[in-house]
Amino acid sequence: MPSALVSVSLAAHGDEAGAEGYVATFEAETGWHPRQVAMFSGALMYTQYNFLKRQLMKKIVKDKGSQDLDTSRDYIYTEWDGVKHFTEEFLAGVTAPAGQAQGTGTTPTEVPGSSPGVNP
């Protein structure tokens, strides 16, 4: 059965190995190994955090070396064109007529603007 996992996380912005680790852990804990995996950067939504979370996130971001420290604004890192492309490619494979290749199920789809997926 065709399946895909789309992971959107702040870790995918600048910590690709960490984001891949989250996906690998998810797959190991759930036993679900989707045919396609895409990881996209999320957002740093300072204006939606309470005071404590805003300060904690600012410290984490600063410790990672980012300059995105202005807590009066939000930082959106999601590559929406990449999300759209991944979705379109996945749906094209699901709806492909019989006899057309839909992928082997062993190699994740790599999408411009996303991090490559991790599939054992």
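Rule-based calculations on the coordinates, nothing more; no lab input. Every value quoted in this text rests on a predicted model; they were computed, and no experiment measured them. Note that we place each Cβ from the backbone using ideal geometry, even for glycine, and neighbour counts take in every protein chain shown.
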>> Give the lysines whose C-alpha is closer than 27 Å to that of LYS53, dropping any in the same chain fewer than 8 places away, or say none.
In response: LYS62, LYS64
> Considering only DSSP states other than H, G, I, E and B, which chymotrypsin sites (Phe, Trp or Tyr not before Pro) in region 14-102 qualify as loop sites with at most 15 other Cβ atoms within 10 Å?
Replying inline: TRP32
>> Apply the Karplus curve 6.51 cos²θ - 1.76 cosθ + 1.60, θ = phi - 60°, to the phi angles in region 38-47 and return the couplings in whole Hz, x for Gly and Pro.
In response: 9, 10, 10, 5, x, 8, 10, 9, 3, 5
>> Once you place label points 7 Å from the Cα toward the Cβ at ALA28 and PHE51, how far apart are they in nm?
In response: 4.0 nm
>> Can you sort HIS33, HIS13 from fewest to most other Cβ atoms within 10 Å of each residue's own Cβ?
In response: HIS33, HIS13
> With a 10 Å Cβ neighbour count serving as the proxy for reagent exposure, in which order, fewest first, do ARG73, ARG54 appear?
Replying inline: ARG73, ARG54
> With the contact rule set at Cα under 8 Å and sequence spacing of 6 or more, what percent relative contact order holds for region 24-98?
Replying inline: 35 percent
